[in-house]
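Each remark here refers to the structure printed beneath this line.
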Amino acid sequence: MSDSCSRFLLNLVAMETLNWVHSTRAVLRSLWYYMAKLLGMRIEEFRGHLDVELNEVGRQQEASCSFRKENLMLKEQVEAVLQENIILKRAVGIQHERQKESEERNQELQHLKRMVTQYQKQLRTLELEAHKPEIF
């Protein structure tokens, strides 16, 4: 998965979580209001129930905040890993090029050694022919 895709998905999850908390709070308030009306609760009772529910929503918001902090920390870790990955890819590329150059030099060296051996043989042959007495 690409870096931009990962960031997009993490941001989307964070936004959806925050939207869910806000919409949950609004829904709970509306529900308790209508329930209180239907059941004929007194305002004090209604406020008590509403406070309990709002405290729960507050705990959920704290959890959401904790989630966002963890999300941010994970994003930073992913960013660091991606940077390390880029560095490692460059290092592997450099090492590969060096290996290829080394192999090319070794092949050239082997070729030159064969040529030296061949020239040495030719030199010996020429020296022997030069020292032979000519017979006619």
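With r defined as the distance between the Cβ atoms of R98 and K75 and R0 fixed at 41 Å, what FRET efficiency is calculated, to the nearest 0.05?
Values: r = 35 Å, r/R0 = 0.86.
With R0 = 41 Å, the Cβ-Cβ based efficiency is 0.70.
Under 13 Å from the Cβ of M115, count the other residues' Cβ atoms, weight Lys and Arg +1, Asp and Glu -1, and hand me the total.
Numbers: positive: K113, R114, K121; negative: E108.
With Lys, Arg at +1 and Asp, Glu at -1, the neighbours total +2.
Laboratory data are not the source of any read-out in this text; all were calculated from the coordinates shown. Please read these numbers as outputs of a predicted model, since none were measured by experiment. Backbone-built Cβ (ideal geometry, glycine too); neighbour counts: all protein chains shown.
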